[in-house]
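The values are calculated or read from the model by the stated rules, or taken from the named source; none is laboratory data. Please read all numbers here as calculations on a predicted model, not as lab measurements. Note: ideal-geometry Cβ built from the backbone for every residue, glycine included; neighbour counts use all protein chains shown.
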Amino acid sequence: MKILQEHPIDYIEIYTPMAKVLAYWHIQALGFKLLAVMNPESGSPGISSYVLRSHEITLVLTSTYPPYKSEYNEISSFIAQNYCGVKRIALRVPSVKEAFDYSISNGAFPIKFPTKTDDDSGYLEEAAIKLYDHSELVFIDRTAYEGVFKPGYKASLKAGKGGESLLKSFDHIAAEVRINESHYWTSYLSKALGTSLVQSIERGADNKTGMILSINQSADKKLTLVIAEPDGYEMKSKVQQNIDAFGPGIHHLAFSTDNLVETAKSLEKNNVDFVSFPPSYYELLRKNDDFKDIDIDELQRMNILCDKEDDTYLFQKFIKPISDRPFFIYEIVQRINGYNGFALKNINVLKKAEELEIMKAV
Ligand SMILES: [Fe+2]
């Protein structure tokens, strides 16, 4: 089989304590709609799983609860170690067996061999390979399945109700890994899936960001895996601090929107909490002629970051951690005029702004 050319994300599954409450927050605060459930009420004791949709985004939030059933050990052990985070990223493929065979013959570690599950609505097939320490990449083919999500899930009586569908699609998935792991995973993904390293910040005297960064992308740009690694261990970077406190793994999911300012206003009305940035960051943007056409005051008011390449722009905004554990977060991005990059210049501006803030404080 040829290397996969298309990598549409079918769903991303998050394991979390109290999925019921987190699903409610996604619906009420972020505008998702509830699509399907698998829980005691739908006839599945021991598990609680909610399928949520916003335009092209399908998120699955899954919990288990005491007394724990052995069949759900992988959920409880993930939650014990990570509390709330991405367990699996599912990619839609024309043939699960071909995609899986290709990946393992090119070095991928198998987690789940091709398996069919069925119910009255037909069958679907899935297989999975390892990703980072605790996550999986799933290959899924649902063309022979007409049910709402997967066997075991029931359509929600509240299906279609819910929020305003503010978020449009997955933009990228970012992970933080240990020193020397990012090149390993870049090579693993390239061999197993056929992704390419499209941008990077490498170790070197010019790199003042404290990290090395690899952007891995599929040819159709539907799958982008950003991998950050500490530049070293002596000057503890933010990435190393996160790894020390929480371990390596998927740090954030980025969603796209067509209008970040309007989306952010709607989310603020829903009392969503956002990360704020130092005033020095916006002072640096004001001093830069490249940004003279941008309303920097509004960006500052809305805590939006901005990067520019030629006449294309990237707006970014970060929601504070979605669970009590301050690690896993959501990002929202707007790409204007086809901005294609990943704010690598902006990382330096932010770093400079942080240094200026420190100088102000001493
Ligand atoms: Fe990001």
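Table for the structure above
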read-out: Out of Lys87, Lys33, sole residue that is touching a residue at least 60 places away in the same chain (Cβ under 8 Å), over 23 Å from Phe113 (Cα atoms), crowded, with 20+ Cβ neighbours inside 10 Å and touching a helix residue (DSSP H, G or I) at 6+ places or on another chain (Cβ under 8 Å); value: Lys33
read-out: Some residue of segment 171-185 being outside any loop (DSSP other than H, G, I, E, B) and surrounded by fewer than 15 Cβ atoms within 10 Å (Cβ to Cβ); value: yes
read-out: Single residue of Glu146, Glu176 found to be touching a strand residue (DSSP E or B) at 6+ places or on another chain (Cβ under 8 Å), within 16 Å of the ligand (Cβ to nearest atom) and touching a residue at least 12 places away in the same chain (Cβ under 8 Å); value: Glu176
read-out: Number of the exception - Leu189 against (1) in a strand (DSSP E or B); (2) within 19 Å of the chain's Cα centre (by Cα); (3) more than 16 Å from the ligand (Cβ to nearest atom); (4) surrounded by 21 or more Cβ atoms within 10 Å (Cβ to Cβ); value: (1)
read-out: Residue within segment 47-55 that is in the same structural domain as Val93 (by TED's automatic domain parsing), assigned to a loop (DSSP other than H, G, I, E, B) and surrounded by fewer than 24 Cβ atoms within 10 Å (Cβ to Cβ) present; value: yes
read-out: Set Glu136, Glu164: member being surrounded by 15 or more Cβ atoms within 10 Å (Cβ to Cβ), touching a residue at least 40 places away in the same chain (Cβ under 8 Å), more than 16 Å from the ligand (Cβ to nearest atom) and under 29 Å from Phe318 (Cα atoms); value: Glu136
read-out: Inter-residue pairs, beta-carbon under 8 Å, first without any contact (Cβ under 8 Å) to a residue 24 or more places away in the chain and in segment 117-130, second acidic (Asp, Glu) and part of a strand (DSSP E or B), 6+ apart; value: Lys130/Glu136
read-out: Residue among Pro278, Pro321, Pro326 that is within 16 Å of the ligand (Cβ to nearest atom) and surrounded by fewer than 19 Cβ atoms within 10 Å (Cβ to Cβ); value: Pro321
read-out: Only listed residue being at pLDDT 95 or above, assigned to a loop (DSSP other than H, G, I, E, B) and either of a type in the set (Asp, Glu) or more than 30 Å from Leu193 (Cβ to Cβ) (or both), chosen from Pro67, Pro17; value: Pro17
read-out: Condition met for Ala245 (surrounded by 16 or more Cβ atoms within 10 Å (Cβ to Cβ) and out of contact with any Asp or Glu (no Cβ under 6 Å at 6 or more places or on another chain)); value: no
read-out: Segment 21-46, residues that are within 21 Å of Pro151 (Cβ to Cβ) and aliphatic (A, V, I, L, M); value: Ala23, Leu34, Leu35, Ala36, Val37, Met38
read-out: Members of segment 1-14 that are crowded, with 21+ Cβ neighbours inside 10 Å, hydrophobic (A, V, I, L, M, F, W, C) and assigned to a loop (DSSP other than H, G, I, E, B); value: Leu4
read-out: Those residues of segment 18-56 which are of a type in the set (Ser, Thr, Tyr), farther than 19 Å from Glu262 by Cα and in contact with a strand residue (DSSP E or B) (Cβ under 8 Å, 6 or more places away or on another chain), in sequence order; value: Ser42, Ser44, Ser48, Ser49, Tyr50
read-out: Residue check for Lys238: within 17 Å of Leu344 (Cα to Cα) and within 16 Å of the ligand (Cβ to nearest atom); value: yes
read-out: Residue check, Ser214 surrounded by 21 or more Cβ atoms within 10 Å (Cβ to Cβ) and small (Gly, Ala, Ser); value: yes
